[in-house]
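Note sheet for the following structure.
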Amino acid sequence: MSGHDGVPGASHGAVPGASGEATGGRLVLLGNAIVDLVMRVPALPERGGDIISQDTTLTTGGGFNVLTAAHRLGLPAVYAGAHGTGPFGDRVRADLAREGIEVPLDPVAEEDTGFCVAFVDGGGERTFATSLGAEARLTEAHARAVLAALRPGDLVQISGYGLAYPVNGPVLASLVARLPEHTRVFLDPGPLADQIPEEVLEAVLARCDWVSCNQREGRLLTGRDDAREAAAALAARLGPRTGVLLRADADGCWLVPPGGEPAHIPGRRVTAVDSNGAGDAHTGAFLALLGHGLDLSSAVEGANAAAAFAVTRHGPATGPTVGELLDLLDGEPLAARLSSALGR
């Protein structure tokens, strides 16, 4: 398939940030902000076994992590997903408000927001179990409200979690096909990449300007284990109008610009204590830096640095602020470019 081809309203214009021009828009997330119950354990228990958690926290997660990562780097952010009316929904809305993130949709009546149990093992890896709630009850009325709330220059981020949900998937596919030309569309297929119905996934991929995924998700989408090969295969599947970022943890990531060849952008060696939310920090930083007008290579380098910062902190929403990112990059050429673009 070819990215955008045959999709009404699809934009074939320049990639935001590729020419050094700021978009002037916001990050609008078509995803799910839920509550995470994060349990730090030495290792996952054997089947039928048990293990004592070393530390347990209750925090807002899911799409909240991407929104906060982008907003902390100065990009206005909007949570355009569904949310519930119980204590978890209240928690999510309070945290979004604290971070200065706009919420345009009304709560879903008589249903709470869902939650996720996240196990973080001694190596920093995370494993999830999710209980769905109001965030998985997106409707056509919600879609119309989102379309009405969009502004010129907005960046629309789509979560593969929502595409995999039986109710949300078709609604989101229809919404994406109706996005106005001025929006740029980004997809993170997420851990459920192989559970997204083919017709839903193809409709969204056809409108994407960028796809960002980790190595496991790249393998699910292409059948390739090697990171470079998976990035190239995904780019070939999407066509020359869509860019690819394949995140490779400490090895950085592979960047395939629209119509270009794979290029390796090195990562940073740090001592990881919690990888929960690292991919979200990378995505949020990449979008924010593109939104500020950074060139692609600088935006990806900055995203790699933001992800490295995130894994040295406990918790899912650990993307750096502008000051923290610049401190991490102190003395490096990238710091000067970011400082100029971010107005510091």
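With runs of 4+ DSSP H residues as the only contributors, calculate the mean residue ellipticity of the chain at 222 nm using -39,500 (n - 2.57) per run, divided by the residue total and rounded to the nearest 500. Don't skip to the end; give the middle numbers.
On the way: 12 runs with 121 residues, N = 344.
After summing the helix terms and dividing by residue count, I get -10500 deg cm²/dmol.
Suppose all protein chains stay in the model; what accessible area per residue would a 1.4 Å probe give for segment 167-218, in Å²? Could the numbers behind the result be given before it?
Values: 1640 Å² over 52 residues.
Accessible area per residue, segment 167-218: 32 Å².
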Quick one: divide the alpha-carbon radius of gyration of segment 38-184 by 2.2 N^0.38 Å and tell me what you get. 1.16
Report the calculated FRET efficiency for GLU181 and GLU332 (r = Cβ-Cβ distance, R0 = 45 Å), to the nearest 0.05. 0.75
Charge dipole of the chain built from unit charges on the beta carbon (Lys, Arg +1; Asp, Glu -1), centred at mean Cα; most positive-end Cα among VAL171, ILE265, CYS213 is ILE265
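Considering only the other residues whose Cβ falls under 12 Å of the Cβ of THR68, what net charge follows from Lys and Arg at +1 and Asp and Glu at -1? Working shown, then result.
Details: positive: ARG72, ARG98; negative: ASP95, GLU99, ASP280.
My count for the surroundings of THR68 gives -1.
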Report the dimensions of segment 249-344 along its three principal axes from the alpha-carbon atoms, largest first, rounded to Å. 36, 30, 22
At least 15 Å along the helix axis (C-alpha) and Kyte average at least 0.0, DSSP helices within the chain: 227-238, 278-291, 296-311
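For segment 223-304, what is the charge dipole size about the Cα centre, in debye to the nearest 20, if Lys and Arg each add +1 at the Cβ and Asp and Glu each add -1 at the Cβ? Present the calculation step by step, with values, prior to reporting the outcome.
Details: 7 positive and 10 negative charges, 33 e Å.
Using Cβ point charges on Lys, Arg, Asp and Glu, segment 223-304 gives about 160 debye.
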Considering only segment 27-84, what is the antiparallel percent among its DSSP beta bridges, to the nearest 5? 75
Dipole of the chain, positive end: most advanced residue of LEU75, LEU187, ILE51 [Cβ charges, Cα centre]: LEU75
Quick check for you: with a 1.4 Å probe and neighbouring chains kept, what is the accessible area per residue of segment 45-110, in Å²? 48
For segment 158-300, the dipole about the Cα centre with charges only on Cβ (Lys and Arg +1, Asp and Glu -1), to the nearest 20 debye, works out at 180
A student asked for the Cα radius of gyration and Dmax of the chain in angstrom ought to give 18.6, 55
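The values are calculated or read from the model by the stated rules, or taken from the named source; none is laboratory data. Source: prediction; values computed, not measured. Glycine gets a Cβ as well: all are built from the backbone with ideal geometry, and neighbour counts include every protein chain shown. Keep in mind that these areas ignore ligands, DNA and RNA; they rest on the heavy atoms of the full protein, side chains included. Shrake-Rupley method; radii C 1.70, N 1.55, O 1.52, S 1.80 Å.
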